[in-house]
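The values are calculated or read from the model by the stated rules, or taken from the named source; none is laboratory data. Computed from a predicted model, the values in this text were never measured in an experiment. When we count neighbours, we look across all protein chains shown, and the Cβ atoms used for this are built from the backbone with ideal geometry, even at glycine.
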Amino acid sequence: MSTAPTANPGAPTSISLWAMTVLGLSPLLMLASSGLRGFTLALISASTLALCPRLLTLLSARWPALKRHGFALGLLIAATWVTIIDLLLQWLCPDLREALGAYAPLTAGSYLLLMALRGEGADARSAPVPPPTATLGAALTLPLLTGAVRELLGTGRLLGDLALISTDSPAGWVLSTPAPLPLMALPPGALLVIAALLAWRSPPRPSESIEDES
């Protein structure tokens, strides 16, 4: 009797990597309620994912004993970097900074969550590695697209909060139809977007075949 080959449970698939990325970015997707906020969070999250693992790798190579403290050191680096961005936003765009709310700890938490889901820092002998290009691309596009979709469906306009960065900015592009789903502009709307993103890459359930037993 032949048995079907089983996949290696330790080998991540494109589906699992996609799910890990979406779940890791979910705190930021909750805050991306408009296109402008999504664009800002996308830049912050992508820069954090691009910079922090490389700094963590350099420090681990210089002091190998730090490898066993990968999670704590990664959180410290991410929190320091996001704090610098936070201070710059308070100086350049204080209204946008106030509208974003508690994005700074959530960005550092998202980075730490992605590290945990990818299994980094759990093994003291393994050095942290930069995230794959797909993860960086998702960090750069998902908050932006989520914010734009939530703003369009929730308020019926796009870039309606440009006044947060300049008083001379237009009021945004207003659609001809009213907002069909006002819930999308609220925090629960992000959960609908996250569920849709996870379902988009989920494999179809195979049809169960009934075998006759004699």
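Got at least one residue in the stretch 179-197 being over 29 Å from W18 (Cα atoms), surrounded by 14 or more Cβ atoms within 10 Å (Cβ to Cβ) and either among the charged types (D, E, K, R) or modelled with pLDDT of 60 or more (or both)?
Checked the stretch 179-197: at least one residue is over 29 Å from W18 (Cα atoms), surrounded by 14 or more Cβ atoms within 10 Å (Cβ to Cβ) and either among the charged types (D, E, K, R) or modelled with pLDDT of 60 or more (or both).
What is the number of the single condition among (1) among the small types (G, A, S); (2) outside any helix (DSSP H, G or I); (3) modelled with pLDDT of 80 or more that S209 does not meet?
Result: S209 fails condition (3) only.
Is one or more of the residues making up the stretch 58-79 under 20 Å from L162 (Cα atoms) and of a type outside the set (D, E, K, R)?
no
Just the residues that are charged (D, E, K, R), modelled with pLDDT of 85 or more and surrounded by fewer than 19 Cβ atoms within 10 Å (Cβ to Cβ), please, taken from the stretch 63-105.
The answer is D86, D95, E98.
I want to confirm something. Restricting to the stretch 128-160 and keeping residues that are under 24 Å from S60 (Cα atoms) and surrounded by 18 or more Cβ atoms within 10 Å (Cβ to Cβ), which single residue is modelled with the highest pLDDT?
T135
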